[in-house]
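Q: Sharing a structure here in structure tokens format.
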Amino acid sequence: MERLSMEDIRRLADEAAIDIPERVRRFAPVVGVRYGRITIRNQKSKWGSCSSRGNLNFNCLLMLAPPSVRDYVVVHELCHLIELNHSKRFWNLVAGVLPDYRKEEKWLKTQGMLIMRRMTG
Ligand SMILES: [Zn+2]
């Protein structure tokens with residue numbers, strides 16, 4: 001797949017700055033959490049992360065993933081605001097919101113890796 005140019009990445013970041021916070025706003029009440037700041041980053045290793053203060057970071061490359069995968073990454077990080085680990089309790093929370101989450105997880109592990117590789121630098 002083609003490498004992403006700086007311009008591509010800037011465009012994806014602009015799109016993500018609108019798309020991702022909308023998903024966070026939609027799912028936060030479903031998960032039952034309050035969150036802090038939302039930051040869009042371009043990274044080669046992570047799709048999302050969160051801090052103990054409730055701030056959320058998301059990768060702009062998510063805009064190259066299907067909407068259902070974006071939902072999953074958002075829900076994943078929101079559930080970390082309750083369970084800051086990958087315990088069975090954590091996955092039960094995720095499954096409670098998105099019963100089909102394993103499909104999205106699998107997509108990230110296969111197709112998602114190919115997207116990450118398109119990042120230059
Ligand atoms: Zn996680």
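Q: As a test of the formula, what do you get for the chain when each DSSP H run with n ≥ 4 contributes -39,500 (n - 2.57) and the sum is divided by the residue count, at 222 nm and rounded to the nearest 500 deg cm²/dmol?
A: -15500 deg cm²/dmol
Q: So, one more: Of the trypsin sites (Lys or Arg not before Pro) in the range 28-62, which ones lie in a loop per DSSP and count no more than 14 other C-beta atoms within 10 Å?
A: Answer in residue order: Arg34, Arg37, Lys44, Lys46, Arg53.
Q: Could I ask something else about it? With the contact rule set at Cα under 8 Å and sequence spacing of 6 or more, what percent relative contact order holds for the chain?
A: With pairs under 8 Å counted, the relative contact order is 30 percent.
Q: Order of Asp14, Asp8, Asp100 from fewest to most other C-beta atoms within 10 Å?
A: Asp100, Asp14, Asp8
Q: Which residue fluctuates the most in the chain, going by a Gaussian network model with Cα springs under 10 Å, if the choices are Glu22, Glu104, Glu77?
A: Glu22
Q: What nm value, rounded to one decimal, do you get for the distance between Glu15 and Leu84 when each label is placed 7 Å out toward the C-beta?
A: Placing both labels 7 Å along Cα→Cβ, they lie 3.4 nm apart.
Q: So, counting K/R as plus one and D/E as minus one, what does the shell of residues with Cβ under 15 Å around Glu83 add up to?
A: Once all neighbours under 15 Å are counted, the net charge is +1.
Q: Working from Cα positions, state the angle (0 to 90°, nearest 10) between the long axis of helix 6-31 and the longest principal axis of the chain.
A: 10 degrees
Q: Now for a separate question. What would the Debye equation give as log₁₀ I(q)/I(0) for the chain at q = 0.11, 0.14 Å⁻¹, counting only Cα atoms as equal point scatterers?
A: -0.34, -0.55
Q: With the chain treated as a Gaussian network of Cα nodes joined by springs under 10 Å, which of Ser68, Ser87, Ser49 yields the largest mean-square fluctuation?
A: Of the options given, Ser87 has the highest mean-square fluctuation.
Q: Taking other Cβ within 10 Å of each residue's Cβ, how do Ile18, Ile9 sort, fewest first?
A: Ile18, Ile9
We did not get these values from a lab; they are worked out from the coordinates using the rules stated. The structure displayed is predicted, hence computed values, not measured ones. Note that each Cβ is placed from the backbone with ideal geometry, even for glycine, and that neighbours are counted across all protein chains shown.
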